[in-house]
Every structure is written in structure tokens, then in C-alpha cells.
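Accompanying notes for the structure given below.
The values are calculated or read from the model by the stated rules, or taken from the named source; none is laboratory data. Nothing here was measured: the structure is a model prediction, and the numbers come from that model. Glycine gets a Cβ as well: all are built from the backbone with ideal geometry, and neighbour counts include every protein chain shown.
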Amino acid sequence: MISALKHRLEKILEWVIIILMITLTIVVIVAVLFRLMGDSLSWYDEVAAIQLSWITYYGSALAALKRRHIGFDSVLLAIPMPMRMVALVFSELIVIGFFVLLTVTGMQVIEVLEGDMLVSLTWVPVQFTQSVIPIGAALFIICELISLPEYWRMTASGKSLEHAEIEEEVETELKKAEAR
């Protein structure tokens, strides 16, 4: 069940990020073309900055789901058992605690921004653009928790996720080579 949920959430986040990247690319290209024609778009900088922050927040949630954020697996694996698992719990509590704080603070920011609109697009509420803070932080927590059981098993067995993926790729390539 967790595996299916992880897969579904991974696909959703990937598509959200792809769509955001495509729209950011279009915005930048259109802005450059307008500037080349001697007409500058007033909303370009503001919209591009917002899109970039959205890509960052949703991308960090995807990184958490895949356990691709900055980590020190080799340091963790060098710690003898059972202290290794204590260190893992401690690190997870720190990370999740930070993102709980970010979620709560993000909700407070949303409340403060009530009624504010973007400078260049006066019909777009700032609350909408900044909603990525609590949403992205909550998504990060969810993704971290969904990926935790597999990470726990790998760490308990003394394997790095990175090394496991390399071994899996090598096995796949060997099977392909044998099939030829």
C-alpha cells in the first residue's frame, strides 16, 4: 500500500514539476522575445521568481520522497548498531520538526498577506503565490514519512540507498548483456 501511494505521489509531483518548468520556460522565452522587440513585460520578473520558488518547494518534496536530498548515508552507516538507528530517528525528528515549523509559519504568513495582490498582476492574490510555503512543507513531511520505512530497512541492514540503486543498475545492465 505504501509503495503504491509512493509511486502515485511520485508521478503527481513529477508532473507538477514538469508543468511548472515548461510554463517557466515559456514565460522566459516570451519575455525575451518581447524585450528583443523593444517591449518589456511588466509581470515577467515577478511571475518567474514565483514559478522558480514553486519548482523548488515541489522539487524538494519529490527529493524527500526519493531520498535524494542532502544526506550523509556513509556517516550514518559508519555508526555501529543500535546507535545508528538512534541517529536516524534523531535526524528524522530534526528534519520533520523543521518542516512542521515551516508549515505553521507558512500558514501564519498566508494570514498576514490577506488582501495583498501582486504588484505587476494586481488581480493575483499574494496568498496564492505564497501558499507554496505551507503546502510544500507539508508535502515534504508526507514524502519523508512515506519514504521512511524503506530507508529504515536499508539503514538497519547497513546498505546505502545510493549503493543499492547502483547495484540494481549494474544487475539490469548485466541482464541486458546476457540477453544479447
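Taking Pro125, is it of a type outside the set (A, V, I, L, M, F, W, C) and under 30 Å from Arg153 (Cα atoms)?
So Pro125 does not fit the description; no.
Kindly provide the set of residues from region 13-29 that are hydrophobic (A, V, I, L, M, F, W, C) and either at positive phi or loosely packed, with under 14 Cβ neighbours inside 10 Å (or both), ordered by number.
If the condition is that a residue be hydrophobic (A, V, I, L, M, F, W, C) and either at positive phi or loosely packed, with under 14 Cβ neighbours inside 10 Å (or both), then Trp15, Ile18, Ile19, Ile22, Ile26, Ile29 are the ones that fit.
Checking Thr129 against (1) more than 28 Å from Arg8 (Cα to Cα); (2) of a type in the set (S, T, N, Q); (3) surrounded by 14 or more Cβ atoms within 10 Å (Cβ to Cβ), which test does it fail?
(1)
Filtering region 60-102 down to residues that are among the polar types (S, T, N, Q) and either loosely packed, with under 14 Cβ neighbours inside 10 Å or in contact with a Pro (Cβ under 6 Å, 6 or more places away or on another chain) (or both), which residue is nearest to His7 (Cα to Cα)?
Here the answer is Ser91.
Determine which single condition Ala49 fails, assuming it passes every other condition in (1) within 22 Å of the chain's Cα centre (by Cα); (2) more than 29 Å from Met117 (Cα to Cα).
Every condition holds for Ala49 apart from (2).
If you go through region 119-150, how many residues are in contact (Cβ under 8 Å) with a residue 60 or more places away in the chain and in contact with an Asp or Glu (Cβ under 6 Å, 6 or more places away or on another chain)?
1
It is to be established whether one or more residues within region 98-105 are part of a helix (DSSP H, G or I) and either among the small types (Gly, Ala, Ser) or touching a residue at least 60 places away in the same chain (Cβ under 8 Å) (or both).
no
Can you tell me which residue within region 129-166, out of those that are among the charged types (D, E, K, R) and assigned to a helix (DSSP H, G or I), is modelled with the highest pLDDT?
For region 129-166, the residue satisfying everything is Glu144.
Surrounded by 16 or more Cβ atoms within 10 Å (Cβ to Cβ) and within 19 Å of Ile12 (Cβ to Cβ): does that describe Tyr44?
Considered against the rule, which asks whether it is surrounded by 16 or more Cβ atoms within 10 Å (Cβ to Cβ) and within 19 Å of Ile12 (Cβ to Cβ), Tyr44 comes out as no.
Just a yes or no: is a residue in region 108-115 in a loop (DSSP other than H, G, I, E, B), loosely packed, with under 12 Cβ neighbours inside 10 Å and under 22 Å from the mean Cα position of the chain (by Cα)?
Checked region 108-115: no residue is in a loop (DSSP other than H, G, I, E, B), loosely packed, with under 12 Cβ neighbours inside 10 Å and under 22 Å from the mean Cα position of the chain (by Cα).
Quick test of your reading of the structure: Thr122 fulfils all but one of (1) loosely packed, with under 13 Cβ neighbours inside 10 Å; (2) among the hydroxyl-bearing types (Ser, Thr, Tyr); (3) at pLDDT 95 or above. Name the failing condition by number.
Going through the list (1) loosely packed, with under 13 Cβ neighbours inside 10 Å; (2) among the hydroxyl-bearing types (Ser, Thr, Tyr); (3) at pLDDT 95 or above, Thr122 breaks only (3).
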